[in-house]
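Okay, structure first, notes after.
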Amino acid sequence: MDRFDSMRTFVAVAELGSFSEAARRLRLSPAAVTRAVALLEDRLGLSLLTRTTRSVKPTESGAIYLEACHRLLDDLDAAERLVRGEQAAPRGTLTVAAPLMFGRLHVLPLVAAMLRDHPGLDVRLLLSDRTVHLVEERIDVAVRIGDLPDSALTALKVGTVRRVVVASPAYLARGTPAAPGDLATHDLIAFEGIGATNEWRFAGGLAVRVAPRLAVNSADAAIAAAEAGIGITRTLSYQVAAPVAEGRLRLVLEDFAPPALPIHVVHPALRLGSANVAAFVAAARAHFRGVTAIA
């Protein structure tokens, strides 16, 4: 078994948490799998896996090595596809991550168009408001909203969204806030998403501390509550594009809107490139160029 085969064996054991399960996946004997990992550990001079009677988990060094193995093996697979001429068209599986509601409204249609245009392509679309680690979680490309921290990821800005404050016409009939400070006298609905705080920020860095009468953990629920006249909520522009257009909600405090948030398509920097990622980036450029509801 060569070094790359040993790496694939180690990756299978680490991902499945079992030597026997890895042996079944790789169609090898358990002894061959155990021997391959042992040879890797001997070559490196350190332990890659912690073994107990119930589980097998990477050590701290093993986790670092696992991430490196993923990158090397992905590049090796890409190189083999390249020389076989398989990079000409997207094929195989593309794993995409996106925020939950944004993904449902805007990334899913993009993916549907890709599946129609590329018969050899399969897509795993993972929708979550959690910020995923692309390399560790084997994700090819992700859509992210907001400023990006410094990272080794390649990023392409494809659009922007705005933070907006909305309420129903029935609620606003009782009084409309004229300035952010007026929110203290209104019933507020807060969406307790990841990274949420008890402050709503407006233009010029103005921050207003909010004490919501209703707090929910779903943007959909916050919007529904606002439509029901329970109070004022703050969302992203794409989340309320339809109810605002249909008159079920109205924008308030527009003169105090904070700067727009960027939308990026991000992916690991691939040394050999990926037809699947390139196709997604191209599709995202075209899709978001024609979408106005997110602006």
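The values are calculated or read from the model by the stated rules, or taken from the named source; none is laboratory data. Just so we're clear, the structure is a prediction, and the values are computed from it rather than from any experiment. Every residue, glycine as well, gets a Cβ built from its backbone with ideal geometry; the counts of neighbours run over all protein chains shown.
Out of (1) within 28 Å of the chain's Cα centre (by Cα); (2) hydroxyl-bearing (Ser, Thr, Tyr); (3) within 30 Å of residue 94 (Cβ to Cβ), what's the single condition that is false for residue 18?
(1)
Would you mention how many residues in region 107-140 are touching a Gly at 6+ places or on another chain (Cβ under 6 Å), more than 19 Å from residue 268 (Cα to Cα) and either aliphatic (A, V, I, L, M) or modelled with pLDDT of 95 or more (or both)? Before you say what the answer is, go through the steps one by one.
If we filter region 107-140 for residues that are touching a Gly at 6+ places or on another chain (Cβ under 6 Å), which is where we start, we get 127, 129.
With the extra rule that they be more than 19 Å from residue 268 (Cα to Cα), the set shrinks to 129.
Filter again for either aliphatic (A, V, I, L, M) or modelled with pLDDT of 95 or more (or both), leaving none.
Qualifying residue count for the region: 0.
Say we look at region 213-242 and pick out the residues that are free of Cβ contacts under 8 Å to residues at least 60 places away in the same chain and in a helix (DSSP H, G or I); which of these is surrounded by the fewest Cβ atoms within 10 Å (Cβ to Cβ)?
Within region 213-242, the first condition is being free of Cβ contacts under 8 Å to residues at least 60 places away in the same chain, and the residues that meet it are 213-218, 221-225, 227, 230, 241-242.
From what's left, in a helix (DSSP H, G or I): 221-225, 227, 241-242.
Details: 221: 15, 222: 27, 223: 23, 224: 15, 225: 20, 227: 20, 241: 20, 242: 13.
Ranking the qualifying residues of region 213-242, first place goes to 242.
If I ask for residues that are small (Gly, Ala, Ser), surrounded by 12 or more Cβ atoms within 10 Å (Cβ to Cβ) and in a loop (DSSP other than H, G, I, E, B), which ones from region 140-192 would you list?
Within region 140-192, 146, 168, 179 meet the criteria.
Return the only residue of 23, 36 being out of contact with any strand residue (DSSP E or B) (no Cβ under 6 Å at 6 or more places or on another chain), assigned to a helix (DSSP H, G or I), modelled with pLDDT of 90 or more and under 25 Å from residue 135 (Cβ atoms).
Details: 23 fails: under 25 Å from residue 135 (Cβ atoms).
One residue alone meets the criteria, 36.
Are there any pairs with C-beta distances below 7 angstrom linking a residue in region 16-29 that is among the hydroxyl-bearing types (Ser, Thr, Tyr) to a residue that is buried (at least 18 other Cβ atoms within 10 Å of the Cβ) and part of a helix (DSSP H, G or I), with the two at least 6 apart or on different chains, and if so which?
Between residues of region 16-29 that are among the hydroxyl-bearing types (Ser, Thr, Tyr) and residues that are buried (at least 18 other Cβ atoms within 10 Å of the Cβ) and part of a helix (DSSP H, G or I), the close pairs are 29/23.
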